[in-house]
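The structure appears below as structure tokens.
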Amino acid sequence: MSDEVAQDPLGDRYGLLGVRDLGEYAEALTRLVERGRRERWVAVLSEAEAYAAAELLGQFAQLDPPGELHRLAAALASRLYSRLGA
């Protein structure tokens with residue numbers, strides 16, 4: 001992982017510090033998404049921002065569909081589209 005990611009203070013709060021490779025990073029992000037599903041929902045993005053994020057995540061997911069991070073991106077894009085009613 002890059003030094004930027006490893007030194008990110010939010011990384012500690014969200015359990016992303018100490019990951020050694022992309023596989024572990026994908027697992028940590030997946031756990032974070034699962035945690036997010038149990039927490040109270042609060043809007044932090046506008047509808048336009050959420051749509052743009054979903055589009056970018058969807059495009060990233062198509063680059064390597066079997067890849068762990070790409071599958072996670074696809075799942076997040078799907079959740080955003082679902083919330084947007086698309």
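The values are calculated or read from the model by the stated rules, or taken from the named source; none is laboratory data. Since the model is a prediction, treat every value here as computed from it, not as a measurement. All Cβ positions, even for glycine, are placed from backbone atoms using ideal geometry, and neighbour counts span all protein chains on display. Heads up: the accessible areas ignore ligands, DNA and RNA and are worked out on the full protein's heavy atoms, side chains in. Shrake-Rupley method; radii C 1.70, N 1.55, O 1.52, S 1.80 Å.
Relative to the Cα centre, what is the charge dipole magnitude of the chain, using +1 at the beta carbon of each Lys and Arg, -1 at the beta carbon of each Asp and Glu, and rounding to the nearest 20 debye?
Working: 10 positive and 14 negative charges, 107 e Å.
Dipole size: approximately 520 debye.
In Å², what does the accessible area per residue of the chain work out to with a 1.4 Å probe?
Numbers: 6380 Å² over 86 residues.
I get 74 Å² per residue for this part.
Karplus couplings for segment 22-30 from phi (6.51 cos²θ - 1.76 cosθ + 1.60, θ = phi - 60°), rounded to Hz, Gly and Pro as x?
5, x, 5, 5, 4, 5, 5, 5, 4
Quick one: 3J(HN,Hα) in Hz for segment 68-79, Karplus 6.51/-1.76/1.60 with θ = phi - 60°, rounded, Gly and Pro as x.
4, 5, 6, 5, 5, 4, 5, 5, 5, 4, 4, 5
Could you grab the relative contact order for the chain? Cα pairs under 8 Å, six or more apart, rounded to a whole percent.
Numbers: 58 pairs, mean separation 19.8, N = 86.
23 percent.
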